[in-house]
Amino acid sequence: MTEKVIIMKASGLCKSFANNGGQNHVLDMIDLEIYDGDFTVIMGASGAGKSTLLYALSGMDQPTSGVVCYKEGKISGLKEKEIAALRAEEFGFVFQQAHLISNLTLFENVMVTGYLSKKRKEKEVKERAKELLGRMHVEKAMDRLPSQVSGGEAQRAAIARAMINEPGMLFADEPTGALNKRNTQEVLDLLTGLNEKGQNILMVTHDMKAAIRATRLLYLEDGRVVGEMTMPAYRKEEARSREKQVEAWLSSMEW
Ligand SMILES: Nc1ncnc2c1ncn2[C@@H]1O[C@H](COP(=O)(O)OP(=O)(O)OP(=O)(O)O)[C@@H](O)[C@H]1O
Ligand SMILES: [Mg+2]
């Protein structure tokens, strides 16, 4: 078996919030490695610190202490401007809500993010935006405003936007949390397809249907990683047996 390559690493990661004169320790000395090629899923009870961990790893928020490294470089300690540049070039984000800019079409929303990076010329950004919206099955809606498309279409456009700069890591926080069953499956199929082509994904979810897409699952409890499980790449025929496997793992975590 080939050795796994570490793409992200957190050491001694802590995050505390002031709370009625005391401190609420939301991340409690997390040591964590994320491997290249994985579809990593973080689960855990509400309030366990999942979103906080995602924000700290992605540089969206600063940890109270500890170090985050991406590839060979440290994110912690970079200036805000440098972190913003790294995020624009290397990271993509998908949230529960699509958060598209309301007065821009889906196509323009994707392009604007492409312009933030210096990786491509304008013409190339346009071509890639179109190609991605096609891959996400929203080409028909791409000239409409976010208010004129369905929630599923908006979320698929948000994934296209997250992918426009070929991110080294795609972060997703409950990306299917606001979608119906059909759109959930479609978004998960798209994410699985991206991972199959090598896209690194780090996703927080409560949803069993989403969790079974993982190649590696982490369980967070009170700001600590207390459990982990790896699985082979997702195959549709095995969905039921994966569900059973994840359910058994979660119940051993007292989920
Ligand atoms: N900016 C903040 N200020 C104060 N407390 C915060 C802040 N952000 C998060 N917290 C607290 O940190 C804890 C963890 O929050 P977090 O959002 O990371 O949980 P989560 O695991 O993502 O939960 P959920 O599944 O409900 O999204 C919660 O108790 C929350 O109230
Ligand atoms: Mg959360």
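Rule-based calculations on the coordinates, nothing more; no lab input. All of these numbers come straight from a predicted model, not from anything done at the bench. FYI the Cβ positions are ideal-geometry reconstructions off the backbone, even for glycines, and counts take in every protein chain you see.
Panel order for 101, 212, by other beta carbons found within 10 Å of each beta carbon, from fewest to most: 101, 212. For residue 64, the residues whose modelled amide H falls within less than 5 Å of its own, excluding neighbours fewer than 5 places apart on the same chain, are 14, 15, 16.
Provide the FRET efficiency to the nearest 0.05 for the residue 118-residue 17 pair, computing r from the beta carbons and using R0 = 30 Å. Approximately 0.25, to the nearest 0.05. When you filter the GluC sites (Glu not before Pro) in segment 1-88 for DSSP loop state and at most 14 other Cβ atoms inside 10 Å of their Cβ, you are left with 3, 72. Legend: ranking of residues 244, 197 from fewest to most surrounding C-beta atoms inside 10 Å; resulting order 197, 244. Pairs with C-alpha atoms separated by more than 18 Å, drawn from the list 4/50; 50/74; 50/71; 74/119; 9/50; 9/74, are 4/50; 50/74; 50/71; 74/119. Cβ-to-Cβ counts within 10 Å put 117, 58, 150 in ascending order as 150, 117, 58, the fewest first. Each of 25, 67, 104 was scored by the projection of its Cα onto the charge dipole of the chain, and the greatest displacement toward the positive side belongs to 104; charges sit on the C-beta of Lys, Arg, Asp and Glu.
What fraction of the Cα pairs in segment 73-120, stated in percent, has a spacing above 14 angstrom? The share of Cα pairs beyond 14 Å in segment 73-120 comes to 60 percent. By the gyration tensor of its Cα atoms, with a ≥ b ≥ c the square roots of the eigenvalues, what is the shape of segment 6-252: rounded for a/c under 1.5, prolate for a/b over b/c, or oblate? Because a/c hits 1.5 or more and a/b fails to exceed b/c, segment 6-252 counts as oblate. Taking trypsin sites (Lys or Arg not before Pro) across segment 50-94, the ones in a DSSP loop with at most 15 further Cβ atoms lying within 10 angstrom of their Cβ are 71, 79. Here the dipole of the chain is about 680 debye; that uses its Cα centre as origin and unit charges on the Cβ of Lys and Arg (positive) and Asp and Glu (negative). Taking all Cα pairs closer than 8 Å and separated by 6 or more residues, the relative contact order of the chain comes to 25 percent. Taking a ≥ b ≥ c as the square roots of the eigenvalues of the Cα gyration tensor, segment 90-210 is oblate, since a/c reaches 1.5 or more and a/b is not larger than b/c.
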